[in-house]
1. Among the residues of the range 17-53, which ones are assigned to a helix (DSSP H, G or I) and open to solvent by less than 30 Å² (accessible area, probe 1.4 Å)?
2. Any residue at all in the range 76-90 that's assigned to a loop (DSSP other than H, G, I, E, B), surrounded by 14 or more Cβ atoms within 10 Å (Cβ to Cβ) and more than 19 Å from the chain's Cα centre (by Cα)?
3. Please determine whether any residue of the range 237-245 is over 20 Å from Val183 (Cβ atoms), more than 12 Å from the ligand (Cβ to nearest atom), touching a residue at least 12 places away in the same chain (Cβ under 8 Å) and open to solvent by less than 30 Å² (accessible area, probe 1.4 Å).
4. Among the residues in the range 140-155, are any part of a strand (DSSP E or B) and over 29 Å from His238 (Cβ atoms)?
5. If only one of Glu117, Glu161, Glu137 is touching a Gly at 6+ places or on another chain (Cβ under 7 Å) and touching a residue at least 24 places away in the same chain (Cβ under 8 Å), which one is it?
6. Only residues that are under 13 Å from Ser157 (Cα atoms) and more than 11 Å from the ligand (Cβ to nearest atom): list them for the range 199-220, please.
Amino acid sequence: MFATRFAPSPTGRLHRGHAFSALTAHAAARHVGGRFVLRIEDIDATRCRPEFEAAIRDDLAWLGLDWEQPVRRQSEHLADYHAALDSLIARGLTYRCFRTRKEIAQDIAGAPHGAMETWRGAPLPADEEAARLAAGESFAWRLSLDAAERALVGDLSFVEEGEGPEGEHGIIPIDPTLGGDVVLARKDVGVAYHLAVVVDDALQGISHVIRGRDLFQATHVQRRLQALLNLPAPVYRHHRLLLGADGRRYAKRDRAETLAELRAGGMTPEALRRELGFD
Ligand code: GLU
């Protein structure tokens, strides 16, 4: 069955761009009599706030959207993500990384074609790792691209029914380097975004991921994780990003464009829906 989702992180108020994304996914589901799921991606307890979550529900209801109940809140399902992480760890697909982002940035700056998006690290020698663990140093679990390459047979791809930033459409081969050795879990945040998303998309039976084009590159990472975890691959429909008057895309920093501000300024949901192309 067709199922799609809107998956905001409650780190700020929703803006026009979110409204466009939610309306696009909702309309696609309604068009074929499919499911529309709201998922609250609140695993990053350092950035997410309950008042933003309540505001998301208010804003979406104001827009005229309805969604399946109960709403999945990632913070209530950490055991599911840890089970996925444990299976990757048990299969030797991960390693502990003790480096800070700053140290990695320095490492990259010293390499001729280095970039965070393709960075690869390596596990420490066992005795050094044991010493650092004994000293209580914090670390992140990273996916080892080298190990992933050995574990995966055949070429991976995903189906893009929308468009990527360069007009990519159709069957998109996975770039084996993209994403680098991504972080799967950190001490302060627990489980990282990519892992939680692929677990949830599978558990919630999401057939179509409809979201902004800014997440197109992330799909390479997510498709690889799906394959490693033996999860089904949804179809992807990345949509265009709305641009503000200054030609930049909307972001949480643009307070004036939040749905709350638009509403306070007298905008009706009907007018906003029309403006965004939904009647
Ligand atoms: N939670 C992510 C965000 O707010 C979106 C995740 C997704 O659609 O895959 O940017």
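The values are calculated or read from the model by the stated rules, or taken from the named source; none is laboratory data. Since we're looking at a predicted model, the values are computed, not measured. Cβ placement follows ideal geometry from the backbone for every residue including glycine, while neighbour counts extend to all protein chains displayed. Accessible surface areas use protein heavy atoms only, side chains included; no ligands, DNA or RNA. Shrake-Rupley method; radii C 1.70, N 1.55, O 1.52, S 1.80 Å.
1. If the condition is that a residue be assigned to a helix (DSSP H, G or I) and open to solvent by less than 30 Å² (accessible area, probe 1.4 Å), then Gly17, Ala19, Phe20, Ser21, Ala22, Leu23, Ala25, His26, Ala28, Ala29, Glu53 are the ones that fit.
2. Looking through the range 76-90, none of the residues is assigned to a loop (DSSP other than H, G, I, E, B), surrounded by 14 or more Cβ atoms within 10 Å (Cβ to Cβ) and more than 19 Å from the chain's Cα centre (by Cα).
3. For the range 237-245, residues over 20 Å from Val183 (Cβ atoms), more than 12 Å from the ligand (Cβ to nearest atom), touching a residue at least 12 places away in the same chain (Cβ under 8 Å) and open to solvent by less than 30 Å² (accessible area, probe 1.4 Å): present.
4. So far as the range 140-155 goes, no, none of its residues is part of a strand (DSSP E or B) and over 29 Å from His238 (Cβ atoms).
5. It is Glu117.
6. Gln217, His220
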